[in-house]
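No value in this document is a laboratory result; all are computed from the given coordinates. Being a predicted model, the structure only gives us computed values, none of them experimental. Please note: Cβ atoms are built from the backbone with ideal geometry, for glycine as well, and neighbour counts cover all protein chains shown.
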Amino acid sequence: MIRPTLGEAFVKQFFVACALALPLIAHAGGVERLHAFIAGAKTAEADFTQTVSDKNGRVSQQASGKMAFARPGKFRWDYSAPYEQVIVGDGAKLWLYDADLEQVTVKSLGDVIAGTPAALLAGDNAIEKYFTLKNAGEADGLEWLDATPKNKDTSFERIRMGFKGDTLVQMELFDFFGQRTTLKLTKMVRNPAIAPSRFTFTPPKGADVIGE
């Protein structure tokens with residue numbers, strides 16, 4: 001039986017997302033804070049936890065790891081639990097590596113990132129070309145925004161982004177079946193120096209490579 005990979009599910013439903021310190025905007029809504037993030041964060045690093053739950057709130061999957069990105073188009077997600085997976089966007093291609101399966105999947109990054117959650121964080125500045133953004137008010141101590149993709153050929157319905165003070169701390173993605181993927185972000189660092197080699201990937205010797 002082929003095990004569905006965390007990386008594939010994350011790319012299809014959720015990609016991206018990351019925890020970043022943003023310039024503080026007094027009394028600003030979520031949309032204004034997102035625009036400030038795009039303007040002020042060229043690179044970022046954070047720890048993350050990822051939880052997937054169904055429409056009844058039952059948790060079906062949990063994972064954790066570390067992420068980094070360099071805009072535009074470069075990112076890396078290292079899953080350490082419950083099993084090892086790596087997702088790398090090198091600016092041209094997307095690489096997904098499952099260590100247990102010894103399998104690498106590679107795709108054109110342009111086909112994956114445009115109009116997806118990755119475009120909100122690791123893409124260029126043209127956010128509203130791909131999304132309709134709306135302030136969603138305050139809840140659970142966070143200031144929220146809703147992002148609805150303009151391209152209807154996606155696997156998700158909308159994204160919520162939650163800010164606490166000057167920091168993006170949570171993202172939620174809802175698919176058309178009522179499933180919710182929640183990403184919580186901690187230990188965030190904004191604009192660190194990141195070696196370019198971190199956003200490159202070479203398939204391990206002996207791994208099966210599927211795709212381009």
Worksheet item: Between region 137-169 and region 62-105, how many Å separate their Cα centres?
Response: 22
Discussion item. Quick one: 3J(HN,Hα) in Hz for region 49-62, Karplus 6.51/-1.76/1.60 with θ = phi - 60°, rounded, Gly and Pro as x.
Written reply: 10, 10, 10, 10, 10, 8, 5, 9, x, 6, 6, 10, 7, 9
Worksheet entry | Long pairs among K107/K187; K55/K184; K66/K129; K55/K134, criterion Cα-Cα beyond 26 Å | K107/K187; K66/K129
Worksheet item: Taking the simple approach of a point 7 Å from Cα along Cα-to-Cβ for both Q62 and T132, what is their distance in nm?
Response: 3.6
